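Okay, so here's the structure we're looking at.
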Amino acid sequence: MIAPKETIRELRPEELDRLEPLWLALQDHHGRISPRLAGMTKRTPEQSWTRRRSKYQGWFGDADTFVLVAEREDELVGYAFVTIGPGYASWDCGDRLAELETLSVAPGLRGLGLGSRLLGAVRQRLAAEAIKHLVVTSAVTNVDAHSFYERHGLVRAHVILAGPTTPAEDQRAHQIPPDA
Ligand SMILES: CC(C)(COP(=O)(O)OP(=O)(O)OC[C@H]1O[C@@H](n2cnc3c(N)ncnc32)[C@H](O)[C@@H]1OP(=O)(O)O)[C@@H](O)C(=O)NCCC(=O)NCCS
């Protein structure tokens, strides 16, 4: 059997900026599959990375957070960013529940098994830490990602609804002059 070209290893927090191109590849994918999400337009890549980076930095403040990267000849070609929290109050998920915050594979290498290897490595690590369950949130239009996760045994569990704070009838009222 030929050994895979990519090594899976843990990202050190000081390497955070190396994730930018892979995050932007995912943001680009989001922009193509959902140019508007519940009325919201896409951010610029700069805005997007600034915000995501800040979230990642915050999550790194928690010792349980970990990131696995796929590396090929010193280039990062995929990553999985995982946070761990106390989990559900309504359902018994154990003491801690893992959330896969991001899974991204470089566009030219998708469909070759890298995402499966990353997800497998994440699950292996979580199981070793006695964490029994993992959740991931995905845009409703990301149908390829849904089939990917379902092929790996995850099931649809939540529905997230999104909308403007101003109800539609109020928006119309503001746009249409009262005497029109
Ligand atoms: C989803 C993703 C991480 C899967 O990694 P991957 O290395 O492409 O996946 P693998 O090669 O291990 O498995 C291939 C499976 O992924 C699916 N897949 C999802 N998105 C894909 C894409 N853009 N290109 C090719 N395959 C894709 C394929 O349909 C295939 O599923 P199938 O076997 O049921 O047909 C990767 O395709 C990706 O980065 N997509 C864009 C970002 C994204 O949607 N991330 C998930 C956010 S929740």
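Which residues, taken from segment 108-122, are surrounded by fewer than 18 Cβ atoms within 10 Å (Cβ to Cβ), near the ligand (Cβ under 7 Å from one of its atoms) and among the hydrophobic types (A, V, I, L, M, F, W, C)?
Step one: of segment 108-122, the residues surrounded by fewer than 18 Cβ atoms within 10 Å (Cβ to Cβ) are 108-113, 116, 120-121.
Filter once more, keeping what is near the ligand (Cβ under 7 Å from one of its atoms): 109-113, 116.
Answer for segment 108-122, where residues must be surrounded by fewer than 18 Cβ atoms within 10 Å (Cβ to Cβ), near the ligand (Cβ under 7 Å from one of its atoms) and among the hydrophobic types (A, V, I, L, M, F, W, C): LEU109, LEU112.
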Report task. Could you tell me whether segment 120-130 includes any residue that is of a type in the set (S, T, N, Q) and not in a loop (DSSP other than H, G, I, E, B)? Result -> yes
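Take HIS133 and tell me if it is out of contact with any helix residue (DSSP H, G or I) (no Cβ under 6 Å at 6 or more places or on another chain) and modelled with pLDDT under 95. If you could, list the steps in order and put the result at the bottom.
Numbers: out of contact with any helix residue (DSSP H, G or I) (no Cβ under 6 Å at 6 or more places or on another chain): yes; modelled with pLDDT under 95: no.
In short, no.
Does GLY153 meet the test of being touching a residue at least 40 places away in the same chain (Cβ under 8 Å) and either loosely packed, with under 12 Cβ neighbours inside 10 Å or not acidic (Asp, Glu) (or both)? Steps first, please.
Values: touching a residue at least 40 places away in the same chain (Cβ under 8 Å): no; either loosely packed, with under 12 Cβ neighbours inside 10 Å or not acidic (Asp, Glu) (or both): yes.
Taking the combined requirement at face value, the residue does not satisfy it.
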**Report entry** Every residue from segment 19-47 that is of a type in the set (S, T, N, Q) and farther than 16 Å from LEU103 by Cα
**Finding:** SER34, THR41, THR44, GLN47
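Would you mention how many residues in segment 129-143 are surrounded by 14 or more Cβ atoms within 10 Å (Cβ to Cβ), touching a residue at least 12 places away in the same chain (Cβ under 8 Å) and either near the ligand (Cβ under 9 Å from one of its atoms) or within 21 Å of ALA98 (Cα to Cα) (or both)? Don't jump to the end; show me each part of the working.
In the first step, residues of segment 129-143 are kept if they are surrounded by 14 or more Cβ atoms within 10 Å (Cβ to Cβ); the result is 131-136, 138-139, 141-142.
Then keep just the ones that are touching a residue at least 12 places away in the same chain (Cβ under 8 Å); that gives 131-136, 139, 141-142.
Applying the additional criterion that residues be either near the ligand (Cβ under 9 Å from one of its atoms) or within 21 Å of ALA98 (Cα to Cα) (or both) yields 131-136, 139, 142.
Count: 8.
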**Report entry** Single condition ASP92 does not satisfy, out of (1) touching a residue at least 12 places away in the same chain (Cβ under 8 Å); (2) closer than 19 Å to ARG123 by Cα
**Finding:** (1)
Query raised in the report: Restricting attention to segment 118-141, does a residue exist that is more than 17 Å from GLU15 (Cα to Cα) and of a type in the set (Asp, Glu)?
Result: yes
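The values are calculated or read from the model by the stated rules, or taken from the named source; none is laboratory data. What you see is a predicted model; the values in this text were computed from it and never measured. All Cβ positions, glycine included, derive from the backbone under ideal geometry; neighbour counts span all protein chains shown.
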